[in-house]
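Worksheet: one structure, shown below.
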Amino acid sequence: MPIDLYYVPGSAPCRNVLLAAKAVGVDLNLKLTDLKSGQHLTPEFIKLNPQHNVPTLDDNGFVLNESRAIMTYLADQYGKDDSLYPKDPKKRAKVNQRLYFDMGTLYQSFGDAYYPHMFGGAPLDEDKKKKLGDALVFLDGFLEKSAFVAGEDLTLADLAIVASISTIEAVEYDLSPYKNINSWYSKVKAAAPGYKEANEEGAKGFGQMFKAMTGK
(Lines give C-alpha, C1' and ligand atoms only; values in the text may rest on other atoms or scores of the structure.)
Protein backbone atom coordinates (compact mmCIF):
# COMPACT_ATOMS: atom_id res chain seq x y z
CA MET A 1 0.00 0.00 0.00
CA PRO A 2 1.33 3.47 -0.85
CA ILE A 3 2.35 6.01 1.78
CA ASP A 4 0.60 9.29 1.02
CA LEU A 5 2.24 12.66 1.62
CA TYR A 6 0.17 15.81 1.36
CA TYR A 7 2.64 18.55 0.56
CA VAL A 8 3.61 21.83 -1.12
CA PRO A 9 6.89 21.72 -3.10
CA GLY A 10 8.15 25.14 -1.97
CA SER A 11 7.67 24.43 1.72
CA ALA A 12 10.90 23.75 3.62
CA PRO A 13 9.14 21.43 6.11
CA CYS A 14 7.69 19.44 3.22
CA ARG A 15 11.12 19.19 1.63
CA ASN A 16 12.50 17.91 4.96
CA VAL A 17 10.23 14.91 4.58
CA LEU A 18 11.02 14.39 0.90
CA LEU A 19 14.74 14.33 1.74
CA ALA A 20 14.21 11.89 4.61
CA ALA A 21 12.13 9.57 2.43
CA LYS A 22 14.80 9.56 -0.27
CA ALA A 23 17.51 8.84 2.30
CA VAL A 24 15.53 6.01 3.88
CA GLY A 25 14.53 4.58 0.50
CA VAL A 26 10.76 5.00 0.89
CA ASP A 27 8.54 5.82 -2.08
CA LEU A 28 5.86 8.36 -1.28
CA ASN A 29 2.60 8.90 -3.11
CA LEU A 30 2.79 12.68 -3.39
CA LYS A 31 -0.47 14.58 -3.09
CA LEU A 32 0.00 18.20 -4.11
CA THR A 33 -2.14 20.31 -1.79
CA ASP A 34 -3.21 23.72 -3.08
CA LEU A 35 -3.37 25.96 -0.02
CA LYS A 36 -4.53 28.98 -2.02
CA SER A 37 -7.69 27.19 -3.10
CA GLY A 38 -8.24 25.79 0.39
CA GLN A 39 -7.65 22.11 -0.29
CA HIS A 40 -6.31 21.83 3.27
CA LEU A 41 -9.60 23.19 4.64
CA THR A 42 -11.94 20.63 3.11
CA PRO A 43 -13.90 18.44 5.55
CA GLU A 44 -11.98 15.41 4.28
CA PHE A 45 -8.59 16.94 5.00
CA ILE A 46 -9.61 18.33 8.39
CA LYS A 47 -10.87 14.87 9.34
CA LEU A 48 -7.46 13.50 8.34
CA ASN A 49 -5.50 16.27 10.09
CA PRO A 50 -7.45 18.66 12.32
CA GLN A 51 -4.50 21.10 12.30
CA HIS A 52 -4.99 21.21 8.49
CA ASN A 53 -1.31 21.85 7.77
CA VAL A 54 1.27 20.29 5.49
CA PRO A 55 3.21 18.09 5.39
CA THR A 56 0.77 15.40 6.44
CA LEU A 57 1.70 11.73 6.15
CA ASP A 58 -0.85 8.94 5.83
CA ASP A 59 0.84 5.56 6.16
CA ASN A 60 -2.12 3.28 5.55
CA GLY A 61 -4.22 4.89 8.24
CA PHE A 62 -1.40 6.04 10.52
CA VAL A 63 -1.59 9.81 10.13
CA LEU A 64 1.16 12.14 11.28
CA ASN A 65 1.92 15.82 10.81
CA GLU A 66 4.86 18.02 11.86
CA SER A 67 7.75 17.47 9.48
CA ARG A 68 10.46 16.50 11.94
CA ALA A 69 8.18 13.96 13.63
CA ILE A 70 7.48 12.49 10.19
CA MET A 71 11.21 12.34 9.42
CA THR A 72 12.01 10.43 12.60
CA TYR A 73 9.07 8.09 12.06
CA LEU A 74 10.24 7.22 8.55
CA ALA A 75 13.77 6.53 9.78
CA ASP A 76 12.59 4.38 12.70
CA GLN A 77 9.96 2.51 10.72
CA TYR A 78 11.71 2.02 7.39
CA GLY A 79 15.43 2.74 7.85
CA LYS A 80 17.73 -0.11 6.87
CA ASP A 81 20.10 0.92 9.66
CA ASP A 82 20.27 3.67 12.27
CA SER A 83 22.84 5.90 10.57
CA LEU A 84 20.35 8.70 9.84
CA TYR A 85 18.79 8.56 13.31
CA PRO A 86 21.11 6.74 15.70
CA LYS A 87 19.71 4.52 18.41
CA ASP A 88 22.57 5.36 20.78
CA PRO A 89 20.92 7.73 23.31
CA LYS A 90 23.65 10.38 23.26
CA LYS A 91 23.99 10.44 19.47
CA ARG A 92 20.22 10.53 19.05
CA ALA A 93 19.95 13.33 21.61
CA LYS A 94 22.36 15.44 19.57
CA VAL A 95 20.35 14.83 16.39
CA ASN A 96 17.17 15.75 18.27
CA GLN A 97 18.77 18.92 19.64
CA ARG A 98 19.69 20.03 16.13
CA LEU A 99 16.20 19.20 14.85
CA TYR A 100 14.68 21.31 17.63
CA PHE A 101 17.22 24.06 16.93
CA ASP A 102 16.07 24.08 13.32
CA MET A 103 12.40 24.17 14.26
CA GLY A 104 12.55 26.66 17.11
CA THR A 105 15.52 28.89 16.24
CA LEU A 106 16.79 28.72 12.66
CA TYR A 107 13.64 28.13 10.59
CA GLN A 108 11.55 30.04 13.14
CA SER A 109 13.74 33.13 12.86
CA PHE A 110 13.60 32.94 9.07
CA GLY A 111 9.80 32.76 9.12
CA ASP A 112 9.54 35.58 11.65
CA ALA A 113 11.67 37.84 9.46
CA TYR A 114 10.50 36.97 5.98
CA TYR A 115 6.94 35.63 6.05
CA PRO A 116 5.23 38.87 7.14
CA HIS A 117 7.12 40.59 4.32
CA MET A 118 6.34 37.90 1.78
CA PHE A 119 2.74 37.03 2.62
CA GLY A 120 1.56 40.20 4.37
CA GLY A 121 3.37 42.94 2.48
CA ALA A 122 5.02 44.27 5.65
CA PRO A 123 8.44 45.94 5.45
CA LEU A 124 11.34 43.60 6.19
CA ASP A 125 12.02 43.89 9.93
CA GLU A 126 15.75 44.44 10.37
CA ASP A 127 15.70 43.41 14.04
CA LYS A 128 14.12 40.08 13.12
CA LYS A 129 16.54 39.69 10.24
CA LYS A 130 19.37 40.16 12.76
CA LYS A 131 17.94 37.30 14.84
CA LEU A 132 18.21 35.11 11.74
CA GLY A 133 21.84 36.17 11.49
CA ASP A 134 22.34 35.18 15.14
CA ALA A 135 20.89 31.74 14.41
CA LEU A 136 23.26 31.33 11.49
CA VAL A 137 26.20 32.21 13.76
CA PHE A 138 25.10 29.42 16.12
CA LEU A 139 24.91 26.95 13.23
CA ASP A 140 28.29 28.02 11.92
CA GLY A 141 29.66 27.37 15.40
CA PHE A 142 28.18 23.86 15.51
CA LEU A 143 29.95 23.13 12.24
CA GLU A 144 33.29 24.33 13.58
CA LYS A 145 33.48 21.06 15.50
CA SER A 146 32.19 18.43 13.06
CA ALA A 147 31.68 17.73 9.37
CA PHE A 148 27.91 17.48 9.73
CA VAL A 149 25.57 19.22 12.13
CA ALA A 150 25.31 16.36 14.65
CA GLY A 151 28.64 14.61 14.15
CA GLU A 152 30.79 13.15 11.42
CA ASP A 153 27.97 11.51 9.46
CA LEU A 154 24.88 12.69 7.60
CA THR A 155 21.75 12.49 9.78
CA LEU A 156 18.16 13.64 9.70
CA ALA A 157 19.31 16.88 11.32
CA ASP A 158 21.32 17.77 8.22
CA LEU A 159 18.34 17.05 5.99
CA ALA A 160 16.08 19.32 8.02
CA ILE A 161 18.60 22.12 8.29
CA VAL A 162 19.60 22.00 4.62
CA ALA A 163 15.97 22.59 3.67
CA SER A 164 16.05 25.71 5.84
CA ILE A 165 19.40 26.91 4.52
CA SER A 166 18.36 26.44 0.89
CA THR A 167 15.20 28.45 1.63
CA ILE A 168 17.23 31.23 3.23
CA GLU A 169 19.51 31.20 0.19
CA ALA A 170 16.47 31.34 -2.11
CA VAL A 171 15.48 34.79 -0.80
CA GLU A 172 19.04 35.94 -1.56
CA TYR A 173 20.10 36.31 2.07
CA ASP A 174 23.88 36.70 2.12
CA LEU A 175 25.36 33.43 3.41
CA SER A 176 28.93 34.25 2.34
CA PRO A 177 30.18 35.19 5.86
CA TYR A 178 29.48 31.68 7.20
CA LYS A 179 32.40 29.60 5.92
CA ASN A 180 31.51 26.47 7.90
CA ILE A 181 27.91 26.54 6.71
CA ASN A 182 29.02 26.91 3.11
CA SER A 183 31.46 24.01 3.35
CA TRP A 184 28.80 21.83 5.01
CA TYR A 185 26.19 22.89 2.45
CA SER A 186 28.32 21.52 -0.37
CA LYS A 187 28.83 18.24 1.54
CA VAL A 188 25.11 17.74 2.09
CA LYS A 189 24.25 18.47 -1.54
CA ALA A 190 26.66 15.68 -2.52
CA ALA A 191 25.73 13.24 0.26
CA ALA A 192 21.94 13.48 0.49
CA PRO A 193 20.19 10.96 -1.80
CA GLY A 194 17.98 12.60 -4.41
CA TYR A 195 18.93 16.09 -3.25
CA LYS A 196 18.03 17.89 -6.47
CA GLU A 197 14.62 16.31 -6.87
CA ALA A 198 13.69 16.36 -3.19
CA ASN A 199 14.96 19.82 -2.24
CA GLU A 200 16.76 21.94 -4.80
CA GLU A 201 13.89 22.30 -7.26
CA GLY A 202 11.40 23.20 -4.55
CA ALA A 203 13.76 25.75 -3.00
CA LYS A 204 14.24 27.43 -6.36
CA GLY A 205 10.46 27.53 -6.79
CA PHE A 206 10.13 29.16 -3.39
CA GLY A 207 12.68 31.80 -4.42
CA GLN A 208 10.75 32.55 -7.59
CA MET A 209 7.54 32.90 -5.59
CA PHE A 210 9.28 35.22 -3.13
CA LYS A 211 10.45 37.49 -5.93
CA ALA A 212 7.01 37.53 -7.54
CA MET A 213 5.22 38.34 -4.28
CA THR A 214 7.65 41.01 -3.07
CA GLY A 215 8.59 42.57 -6.40
CA LYS A 216 12.29 41.96 -5.79
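What pairs come out if I take residues in segment 33-46 that are over 12 Å from residue 7 (Cβ atoms) and pair them with residues that are assigned to a loop (DSSP other than H, G, I, E, B) whose C-beta lies under 7 Å away, six or more apart or interchain?
Qualifying pairs under 7 Å: 41/52; 45/52; 46/52.
Would you check if residue 58 is at pLDDT 95 or above, closer than 24 Å to residue 2 by Cβ and acidic (Asp, Glu)? First the steps, then the outcome.
Details: at pLDDT 95 or above: yes; closer than 24 Å to residue 2 by Cβ: yes; acidic (Asp, Glu): yes.
Spelling it out, residue 58 is indeed at pLDDT 95 or above, closer than 24 Å to residue 2 by Cβ and acidic (Asp, Glu).
Given the options 7, 73, name the one that is open to solvent by less than 60 Å² (accessible area, probe 1.4 Å), touching an Asp or Glu at 6+ places or on another chain (Cβ under 9 Å) and not basic (Lys, Arg). Lay out the reasoning, then the answer.
Details: 7 fails: touching an Asp or Glu at 6+ places or on another chain (Cβ under 9 Å).
When all the criteria are applied, what remains is 73.
What number of residues within segment 149-170 are touching a Phe, Trp or Tyr at 6+ places or on another chain (Cβ under 7 Å) and open to solvent by 10 Å² or more (accessible area, probe 1.4 Å)?
Count: 2.
What are the pairs, 6+ residues apart or on separate chains, where a residue within segment 108-130 that is open to solvent by less than 70 Å² (accessible area, probe 1.4 Å) has its Cβ under 9 Å from a residue that is in a helix (DSSP H, G or I) and among the acidic types (Asp, Glu)?
109/134; 113/126; 113/127; 125/112
Mind checking which pairs have a first residue in segment 140-156 that is in contact (Cβ under 8 Å) with a residue 60 or more places away in the chain and a second that is of a type in the set (S, T, N, Q), Cβ under 8 Å, 6 or more apart or different chains?
153/83; 154/83; 155/83; 156/72
Give the number of residues within segment 168-192 that are farther than 19 Å from residue 130 by Cα and aliphatic (A, V, I, L, M).
4
For residues that are among the polar types (S, T, N, Q) and out of contact with any Leu (no Cβ under 8 Å at 6 or more places or on another chain), scanning just segment 27-59, find the one that is surrounded by the most Cβ atoms within 10 Å (Cβ to Cβ).
Ranking the candidates gives 33 first.
Can you name every one of the helices (runs of 4 or more DSSP H) wholly within segment 9-98 that holds 1 or more residues which are over 26 Å from residue 196 (Cβ atoms) and of a type in the set (Val, Ile, Thr)? It would help to see each step written out before you state the result.
Values: elements: 12-24, 43-48, 67-78.
The qualifying helices (runs of 4 or more DSSP H) are 43-48.
Taking only segment 3-58 into account, find how many residues are among the basic types (Lys, Arg) and within 17 Å of residue 71 (Cβ to Cβ). Walk me through it before giving the result.
So in segment 3-58, the residues among the basic types (Lys, Arg) come out as 15, 22, 31, 36, 47.
Filter once more, so that each one left must be within 17 Å of residue 71 (Cβ to Cβ): 15, 22.
Qualifying residue count, segment 3-58: 2.
Please find, among 78, 100, the residue that is in contact with a helix residue (DSSP H, G or I) (Cβ under 6 Å, 6 or more places away or on another chain), surrounded by fewer than 17 Cβ atoms within 10 Å (Cβ to Cβ) and of a type in the set (Phe, Trp, Tyr).
Working: 100 fails: in contact with a helix residue (DSSP H, G or I) (Cβ under 6 Å, 6 or more places away or on another chain).
Only one candidate qualifies: 78.
Residue check: is residue 62 touching a residue at least 60 places away in the same chain (Cβ under 8 Å) and surrounded by fewer than 19 Cβ atoms within 10 Å (Cβ to Cβ)?
no
Which one of these is of a type in the set (S, T, N, Q), under 14 Å from the mean Cα position of the chain (by Cα) and either closer than 28 Å to residue 146 by Cα or modelled with pLDDT of 95 or more (or both): 199, 180? Before the answer, list the steps.
On the way: 180 fails: under 14 Å from the mean Cα position of the chain (by Cα).
Only one candidate qualifies: 199.
The values are calculated or read from the model by the stated rules, or taken from the named source; none is laboratory data. Predicted model, so just to flag it, every value in this text is computed and none were measured. Don't worry about glycine lacking a Cβ; one is built from the backbone with ideal geometry, like all the others, and counts go over all protein chains shown. Just so you know, the surface numbers come from the protein's heavy atoms only, side chains and all, with ligands and any DNA or RNA stripped out. Shrake-Rupley method; radii C 1.70, N 1.55, O 1.52, S 1.80 Å.
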